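The values are calculated or read from the model by the stated rules, or taken from the named source; none is laboratory data. As the structure is a computational prediction, the values presented were derived from the model and not from experiment. Backbone-built Cβ (ideal geometry, glycine too); neighbour counts: all protein chains shown.
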Amino acid sequence: MIWFTIKFFCAFIISFLLLSINVSKKPLFYHLKDLIGPLGSDISESVSRSFDRTVDKSSDLGKSLFDNSAPKGNSKALKAKRDKIQEDIKASEQKRLDQVIEKD
């Protein structure tokens, strides 16, 4: 991961330096921009829209996962079910479970 980051910054610095070279009193970046013309702005808009859609879909997915994680049904019914399960555990079983937990 660190090696990837170092390579990224090296590539960025080299690209920045190359695009900053003056050709005919203008940086090379401006010449490339003039050459590409409206295609560059179209690509930029397309990427921006795609990014916005991705963020919206991720947000919706996160909300639906969070909403689906809440327990369904009546909380009183869940409490009654839990109490019934606890009643079913006998005292001897409870002691044995406590011993197992204490060993670990």
Of the residues that make up the range 38-50, is at least one outside any helix (DSSP H, G or I) and exposed (fewer than 10 other Cβ atoms within 10 Å of the Cβ)?
no
Among LEU97, LEU78, the single one that is out of contact with any Leu (no Cβ under 6 Å at 6 or more places or on another chain) and either charged (D, E, K, R) or modelled with pLDDT of 70 or more (or both) is LEU97
